[in-house]
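The values are calculated or read from the model by the stated rules, or taken from the named source; none is laboratory data. Note that the structure is a prediction, hence the values are computed from the model and not measured. All Cβ positions, glycine included, derive from the backbone under ideal geometry; neighbour counts span all protein chains shown.
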Amino acid sequence: MKYVVTLNGKNYEVEVTEQEAVLLSVNDAVAAHAPVAAAHAAPVAAAPAAVAGDGTKVPSPMPGTILSVNVNVGQAVKTGDVLLVLEAMKMENDIVAPCDGTIKQLLVSKGSTVNTDDVLVVM
């Protein structure tokens, strides 16, 4: 079944099966598959970190708290490697590398509070 969920003022088309929810699009733009949390989490204000330079930006798919940072600046990663673990609504969500690359910037640390679309890592 498909549903439209509004989270932080953005509409997400969500397809639900027995075992998972998959993010299909964000404001009509095709997006990579990512876990989707329930839409009633209250956002917590956090100062956005400065993002410098070019590279692949890895955004937060939802508001939450960083439980662990599994990479370091300069570390090479492959597509699908777990970069961070984000806790949202008492669920742990792996934030994975969208492509092969090297970590250029880590914009969060363990315990950081983030909002939807905050840039977490630049590769």
Check Pro61 against each of (1) modelled with pLDDT of 90 or more; (2) in a strand (DSSP E or B) and name the one condition it does not meet.
-> (2)
The lone exception for Ala34 - which of (1) modelled with pLDDT under 75; (2) over 11 Å from the mean Cα position of the chain (by Cα) it fails = (2)
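Among Glu87, Glu92, which is without any contact (Cβ under 8 Å) to a residue 40 or more places away in the chain, within 23 Å of Tyr12 (Cβ to Cβ) and exposed (fewer than 13 other Cβ atoms within 10 Å of the Cβ)?
The unique qualifying residue is Glu92.
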State yes or no: is Pro43 crowded, with 19+ Cβ neighbours inside 10 Å, assigned to a loop (DSSP other than H, G, I, E, B) and at pLDDT below 95?
-> no
In this structure, is Met91 over 18 Å from Val119 (Cα atoms), out of contact with any strand residue (DSSP E or B) (no Cβ under 8 Å at 6 or more places or on another chain) and modelled with pLDDT of 55 or more?
-> yes
